[in-house]
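Following: one structure in C-alpha cells, then a few remarks.
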Amino acid sequence: MKVGVDPALCEAHGECMAILPEVFDLDDDEVLQIRDGELAPAEEGPAERAVAACPMGALRLSR
C-alpha cells in the first residue's frame, strides 16, 4: 500500500503528521512531504486513519 497527496488540496493542517510522523512531514516551505515506497504492514492502519483525518481530503491510498 502507498499513500499520496494532492498538493492542490493540502493546506498543511498536520493531522496526518500527528498520526504517522514516520511517513508525513512538512518541508521548510510548509509543503507536505511523503516518504516514498511501500508502507510497512504496521503503518497501513495508521495511514488509513491519517487519510480519514485529513480535513481537506487531500490524501489517498493505493495498492
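The values are calculated or read from the model by the stated rules, or taken from the named source; none is laboratory data. In this text the structure is predicted, and so the values were computed from the model without any measurement. With ideal geometry, Cβ positions are generated from the backbone for all residues, glycine too; neighbour counts draw on all protein chains shown. Just the protein is used for accessible areas: all its heavy atoms, side chains included, with ligands, DNA and RNA removed. Shrake-Rupley method; radii C 1.70, N 1.55, O 1.52, S 1.80 Å.
Residue by residue, the stretch 16-22 carries 3J(HN,Hα) couplings of 5, 5, 5, 7, 9, x, 6 Hz when phi is fed to the Karplus relation 6.51 cos²θ - 1.76 cosθ + 1.60 (θ = phi - 60°); x denotes Gly or Pro. When the solvent-accessible area of the chain is split by element, carbon and sulfur atoms take up 49 percent of it, the probe being 1.4 Å.
Per residue, the solvent-accessible area of the chain (1.4 Å probe, heavy atoms of protein chains only, all protein chains present) comes to 63 Å². The local environment of Glu43, defined by Cβ-Cβ distances under 10 Å, has a net charge of -3 under the rule Lys, Arg +1 and Asp, Glu -1.
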